[in-house]
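The values are calculated or read from the model by the stated rules, or taken from the named source; none is laboratory data. In this text, all values refer to a predicted model and were calculated from it rather than measured experimentally. All Cβ positions, glycine included, derive from the backbone under ideal geometry; neighbour counts span all protein chains shown. Please note that ligands, DNA and RNA were not included when accessible areas were found on the heavy atoms of the full protein model with its side chains. Shrake-Rupley method; radii C 1.70, N 1.55, O 1.52, S 1.80 Å.
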Amino acid sequence: MSTEKIALREKIGYALGDAAAGGITWKVMSIAFPLFFTNVFGLTVADTATLMLIARMFDVVTDPLMGSLADRTRSRWGTYRPWLILGAVPLGLIFALLLHTPDFGPVGKRIYAYVLYLLMMAAYTAVNVPYGSLLGVMTDDDNEKNKFSSFRMVGAYAMGFITLLSFPYLQKMVGGSEAHQYSVLGACLGGLAAIMTLACGLLTKERLQPKRAEKFSFKPFADLVKNKPWIYLTLIGVCTNFFNGFRYAVAGYMITYCLGGDVTVSGLIINYTVFMTFGEVTCMIFGGLSPKFTQMVGSKSRAFAIAAIICAVTSVLFFFIPMNHAYIWLMVGIVILTSIGVGLYSPLLWSMYADVADYATEKNGTSSTGLIFSSGTMAQKFGTAISGSLVALLLGLAGFISGTNDAGETVITITDEESVRTMVWLLFSLFPAIMAGLIVLLLRLYPIKK
């Protein structure tokens, strides 16, 4: 095993990759898209739910294929880095277009949203699967992997903090309609994401040579479904993203319909992005402390379980807070406590995928690092988007109706206000608590105890 000391610059470079993907593109897609599609863009809740479900079926095919393709890539930049270098601009451009609201009728908007959303998923896959896989070939030192994973999470949460905190103030600065604000911010954030992704590809280094299976075959896929650590970790990954996905997707509706709109306290505008920002900065701090915490408790799975228990307990506590803006700081306090757990377990998930990749290489004789990490990305997208789809579906069942009229204007109707408010509150508290409980149960079955 190598014990080479890796420079801080490279760790920061690696962090920029998830600052772009996790801190900008995926953060905005997770927290803003459900509310954006229904209340700004003008899709119905049924269209929003269906769009996200179709995208997930698309990802079931593209993510594993991307992982297998990345594993077989050869270039002067290495195996995984070329995908970051060449995919940076398409990722930023498509993200910008997706936040633009065209002057179309209901059918035109539906087609535009579906095409751009699927293209965004493809671009995200083409960049983020190789990015995750890169962790497996930068070093074989387990401590260094934990540090890289920690830098990754700190980068994602730090950029998420900046993005979410600045969002309402940038909207005010841009001015005009909400559609115009989202369009301008989409262009700016998309450009920044492209620059960060390119920098990540240029600043990192691949030190290990994957053991390649030169010809394509379905054997790696067959080996994957026999890999028990992979099965349990993928289920854990899905649950973590359901946990986060419910909370992020419903936060905008909670501020709007449970608290009566943005809350201003001593000049601070607390809208849905700022509300979740308190969690982002907490995740950033405790993501950095995760390696030390893991060493203290003795294993990654034990540290993960403790963090998930924190998330479950605090999510249940949130349910009992009165649904009134006067309790905003109590809500923020519970979000901060919940985010301690999220921050502690987030780096562990990707470090554990590296362990699963090492296990698979040792057992099967060839590397399937890209394929295994693609399942992590697929779990991320599956959990986040299905939870977002369920939020739209359940809100529709509760009485929330959205759509576009013949003039192209967004129309919102609520048939049962109390039912919608209760559903929103449940989706932010008890639904995530159930997911955290499932994580604890799955970790008891996870066989790798490093």
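Condition first: more than 30 Å from Ser150 (Cα to Cα) and either of a type in the set (A, V, I, L, M) or in a helix (DSSP H, G or I) (or both). Now tell me which residues in the stretch 313-343 satisfy that. Outline the logic, then answer.
The first filter runs over the stretch 313-343 and keeps only residues more than 30 Å from Ser150 (Cα to Cα), leaving 319-328.
Within the stretch 313-343, Phe319, Ile321, Met323, His325, Ala326, Tyr327, Ile328 meet the criteria.
hydroxyl-bearing (Ser, Thr, Tyr) and over 24 Å from Leu198 (Cβ atoms): which single residue out of Thr79, Thr48 fits that description?
Numbers: Thr79 fails: over 24 Å from Leu198 (Cβ atoms).
Answer to the check: Thr48.
Listed here are the residues, each with its yes/no results for (1) at pLDDT 95 or above; (2) of a type outside the set (A, V, I, L, M, F, W, C); (3) within 28 Å of Arg72 (Cβ to Cβ).
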position	(1), (2), (3)
Ala187	yes, no, no
Gly191	yes, yes, no
Ala199	yes, no, yes
Gln209	no, yes, yes
Asp223	no, yes, yes
Lys228	no, yes, yes
Ile231	no, no, yes
Val238	no, no, yes
Phe242	no, no, no
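Could you run through the stretch 420-450 and say how many residues are under 20 Å from the mean Cα position of the chain (by Cα), open to solvent by 50 Å² or more (accessible area, probe 1.4 Å) and closer than 15 Å to Tyr345 by Cβ?
Qualifying residue count, the stretch 420-450: 1.
Among the aromatic types (Phe, Trp, Tyr), crowded, with 24+ Cβ neighbours inside 10 Å, at negative phi and in contact with a strand residue (DSSP E or B) (Cβ under 8 Å, 6 or more places away or on another chain): is that true of Phe41 in this structure?
Working: among the aromatic types (Phe, Trp, Tyr): yes; crowded, with 24+ Cβ neighbours inside 10 Å: yes; at negative phi: yes; in contact with a strand residue (DSSP E or B) (Cβ under 8 Å, 6 or more places away or on another chain): yes.
When the stated conditions are applied, Phe41 passes them.
Of all residues in the stretch 308-324, which are open to solvent by 40 Å² or more (accessible area, probe 1.4 Å) and either small (Gly, Ala, Ser) or in contact with a Gly (Cβ under 6 Å, 6 or more places away or on another chain) (or both)?
Within the stretch 308-324, just Ile310 meets the criteria.
Of all residues in the stretch 223-233, which are open to solvent by 20 Å² or more (accessible area, probe 1.4 Å) and either at positive phi or touching a helix residue (DSSP H, G or I) at 6+ places or on another chain (Cβ under 7 Å) (or both)? Steps first, answer last, please.
Keep residues of the stretch 223-233 that are open to solvent by 20 Å² or more (accessible area, probe 1.4 Å), which gives 223, 225-226, 228, 230-232.
Passing the criteria: Asp223, Trp230, Tyr232.
Please find, among Leu427, Leu390, the residue that is of a type outside the set (Val, Ile, Thr), touching a Phe, Trp or Tyr at 6+ places or on another chain (Cβ under 6 Å), part of a helix (DSSP H, G or I) and modelled with pLDDT of 75 or more.
Leu427
Among the residues of the stretch 248-268, which ones are part of a helix (DSSP H, G or I) and either open to solvent by 10 Å² or more (accessible area, probe 1.4 Å) or touching an Asp or Glu at 6+ places or on another chain (Cβ under 6 Å) (or both)?
Tyr248, Thr256, Tyr257
Given the condition farther than 24 Å from Ile111 by Cα and in contact with a Leu (Cβ under 9 Å, 6 or more places away or on another chain), answer yes or no: does some residue in the stretch 410-420 qualify?
yes
For the stretch 390-419, give me each residue that is open to solvent by less than 40 Å² (accessible area, probe 1.4 Å) and within 13 Å of Val45 (Cα to Cα).
Val391, Ala392, Leu394, Leu395, Gly396, Ala398, Gly399, Phe400, Ser402, Gly403, Thr404, listed by residue number.
Criterion first (among the β-branched types (Val, Ile, Thr), surrounded by 20 or more Cβ atoms within 10 Å (Cβ to Cβ) and either in contact with a strand residue (DSSP E or B) (Cβ under 7 Å, 6 or more places away or on another chain) or under 23 Å from Ser30 (Cα atoms) (or both)) does Thr79 satisfy it?
So Thr79 fails the test.
Answer with yes or no whether Ser339 is in contact (Cβ under 8 Å) with a residue 24 or more places away in the chain and either open to solvent by 60 Å² or more (accessible area, probe 1.4 Å) or within 23 Å of Ile448 (Cα to Cα) (or both).
no
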